[in-house]
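Student: Here you go, one structure.
The values are calculated or read from the model by the stated rules, or taken from the named source; none is laboratory data. Not measured: the values here are computed from a predicted model. As a convention, Cβ positions derive from the backbone with ideal geometry for all residues, glycine included, and neighbour counts pool all protein chains shown.
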């Protein structure tokens, strides 16, 4: 049976091509949604890009026929619907008809009343789904790229049947740990040397993660886990080993989405390095840890002298201190030596990045489309590591099941070029582990 799907604004901000994912059914775009999208089109972010792209899609459909009457898309129709007064009259008196969500509900009520086909409201807004249910309207979330976080692929198992590429198998924490090599169709032992810059795995999950990070044949690694499980620290340590000791990659590039936790403090003064510093501080903390007395690196930055551009004059040293001093001495040394760069994801579109070890931290704040954009920037001999905790999302348009990181884990779980590990055991401190578990 043909259905009428009414799309909310947040669906199109999340996926500008969502109208093509409803098979041979009717898709209705309320005029209120078009107006709301117009407010986003000037934004220089993913939401603005999707708003602009959707406008272009609708403009191309407009050339094929009347959007009010409906334009054929595949076997279904896409139409734009105005909120008529007789539709608004269907709303209870306590619902403000000037509110955009309520006008969308009015269109859903009107469509449901005058069309024999089932009407379903599609929205990511939980409250709107609740209000729809109260009005007797069927409402669903957008499931095209949803992943069940509760059953997310962990990357390891205790059973031998139906193994995915690069999945680990063990019967207990102390048992022999193996990785499934899909190309050879056999279980292989882990790398014998899992130490990187003096950092050794502290538990079985970290051993699996380090094995993936140090394997040059695996070009995409995803690490999911709560705070304190070592995702970022392991990734940076492995990257430094690959760049400064093995010279597999030319440079290590570290980036993360710029999303504040809680209320934003507003405009930040200074140049790009100073603006990024508050967001990148967790990266600097891990680097300081690796280069301090907490661990003893086998190779110091000095051993990469042939790569260094360290100041030969006091004037150049002063300039480096001015540029990097606020970010921490360890970071300053690595950047000055050409070993590492820290960049904002904002500027990655259109780039080609070859011969680099690239870490994307806090990837749970990225959309599936943003994840795709990043991966398609990878050039020859570039390795990508995505880390994050889907339980701590700052992006208001994403949740644990719809973010790009969990989507990536599910889509790549059986690719021979990729590997994944979910880490659950905290190693930061006893206090951090207890807080993560009980708060």
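Okay, residues lined up against (1) on the phi < 0 side of the Ramachandran plot; (2) surrounded by 22 or more Cβ atoms within 10 Å (Cβ to Cβ); (3) without any contact (Cβ under 8 Å) to a residue 24 or more places away in the chain; (4) not in a loop (DSSP other than H, G, I, E, B):
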position: 207; (1), (2), (3), (4): yes, no, no, yes
position: 229; (1), (2), (3), (4): yes, yes, no, no
position: 238; (1), (2), (3), (4): yes, yes, no, yes
position: 241; (1), (2), (3), (4): yes, yes, no, yes
position: 254; (1), (2), (3), (4): yes, yes, no, yes
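Student: Consider segment 136-166. How many of its residues are out of contact with any helix residue (DSSP H, G or I) (no Cβ under 6 Å at 6 or more places or on another chain) and more than 24 Å from residue 368 (Cα to Cα)?
Tutor: Qualifying residue count, segment 136-166: 9.
Student: Now, a different point. Residues 418, 432, 363: which one is over 28 Å from residue 251 (Cα atoms) and assigned by TED's automatic domain parsing to the domain that holds residue 287? Even if it seems obvious, please write down each step before you answer.
Tutor: Numbers: 418 fails: over 28 Å from residue 251 (Cα atoms); 363 fails: over 28 Å from residue 251 (Cα atoms).
Result: 432 is the single residue among 418, 432, 363 that is over 28 Å from residue 251 (Cα atoms) and assigned by TED's automatic domain parsing to the domain that holds residue 287.
Student: Here's a follow-up. What residue, of 115, 96, is touching a strand residue (DSSP E or B) at 6+ places or on another chain (Cβ under 9 Å) and not assigned by TED's automatic domain parsing to the domain that holds residue 258?
Tutor: Numbers: 96 fails: touching a strand residue (DSSP E or B) at 6+ places or on another chain (Cβ under 9 Å).
None of the others qualify; the one that does is 115.
Student: Right, next: In segment 130-157, which residues are assigned to a helix (DSSP H, G or I) and modelled with pLDDT under 90?
Tutor: 149, 150, 151
Student: Can you give me the number of residues within segment 355-386 that are part of a loop (DSSP other than H, G, I, E, B), touching a residue at least 60 places away in the same chain (Cβ under 8 Å) and on the phi < 0 side of the Ramachandran plot? Spell out how you get there, then give the answer.
Tutor: From segment 355-386, those part of a loop (DSSP other than H, G, I, E, B) are 355, 361-362, 366-367, 376-377, 379-382; that's our starting set.
Next, only the ones that are touching a residue at least 60 places away in the same chain (Cβ under 8 Å) stay: 355, 361-362, 366-367, 381-382.
Subsequent filtering for residues that are on the phi < 0 side of the Ramachandran plot retains 361, 366-367, 382.
Number of matching residues: 4.
Student: Let me ask something else about it. Of all residues in segment 6-23 being over 22 Å from the mean Cα position of the chain (by Cα) and either without any contact (Cβ under 8 Å) to a residue 24 or more places away in the chain or part of a loop (DSSP other than H, G, I, E, B) (or both), which is surrounded by the fewest Cβ atoms within 10 Å (Cβ to Cβ)?
Tutor: 23
Student: Answer yes if at least one residue in segment 166-188 is within 26 Å of the chain's Cα centre (by Cα), surrounded by 15 or more Cβ atoms within 10 Å (Cβ to Cβ) and either assigned by TED's automatic domain parsing to the domain that holds residue 35 or not in a strand (DSSP E or B) (or both), and no otherwise.
Tutor: For segment 166-188, residues within 26 Å of the chain's Cα centre (by Cα), surrounded by 15 or more Cβ atoms within 10 Å (Cβ to Cβ) and either assigned by TED's automatic domain parsing to the domain that holds residue 35 or not in a strand (DSSP E or B) (or both): present.
Student: Here is a list of conditions, (1) touching a residue at least 24 places away in the same chain (Cβ under 8 Å); (2) under 22 Å from residue 37 (Cβ atoms); (3) touching a strand residue (DSSP E or B) at 6+ places or on another chain (Cβ under 9 Å), and residue 129 meets all of them except one; can you say which number that is?
Tutor: Every listed condition holds for residue 129 apart from (1).
Student: Additional query: Take the residues in segment 24-65 that are loosely packed, with under 13 Cβ neighbours inside 10 Å and touching a strand residue (DSSP E or B) at 6+ places or on another chain (Cβ under 7 Å); name whichever of them is nearest to residue 396 (Cα to Cα). Can you show your working first?
Tutor: Residues of segment 24-65 that are loosely packed, with under 13 Cβ neighbours inside 10 Å, as a first pass: 24, 35, 38-39, 42, 44-45, 56, 59-60, 62-64.
Still in the running and touching a strand residue (DSSP E or B) at 6+ places or on another chain (Cβ under 7 Å): 24, 64.
Details: 24: 31, 64: 35 Å.
Among them, the one singled out is 24.
Student: Being surrounded by fewer than 19 Cβ atoms within 10 Å (Cβ to Cβ) and not in a loop (DSSP other than H, G, I, E, B) is the filter here, so list the residues in segment 103-119 that pass it.
Tutor: Applying the first criterion (surrounded by fewer than 19 Cβ atoms within 10 Å (Cβ to Cβ)) to segment 103-119 yields 113-118.
Within segment 103-119, 113, 114 meet the criteria.
Student: Sticking with this structure for a sec: Step by step: first the residues of segment 133-151, then only those that are in contact (Cβ under 8 Å) with a residue 24 or more places away in the chain and in contact with a strand residue (DSSP E or B) (Cβ under 7 Å, 6 or more places away or on another chain), then the one that is farthest from residue 419 (Cα to Cα). Which residue is that?
Tutor: Across segment 133-151, the extreme among qualifying residues is 137.
Student: Here's another thing I want to ask about it. Give just the number: which of (1) more than 21 Å from residue 226 (Cα to Cα); (2) in contact with a helix residue (DSSP H, G or I) (Cβ under 7 Å, 6 or more places away or on another chain); (3) at pLDDT below 90 does residue 394 not satisfy?
Tutor: Answer for residue 394: the failing condition is (1).
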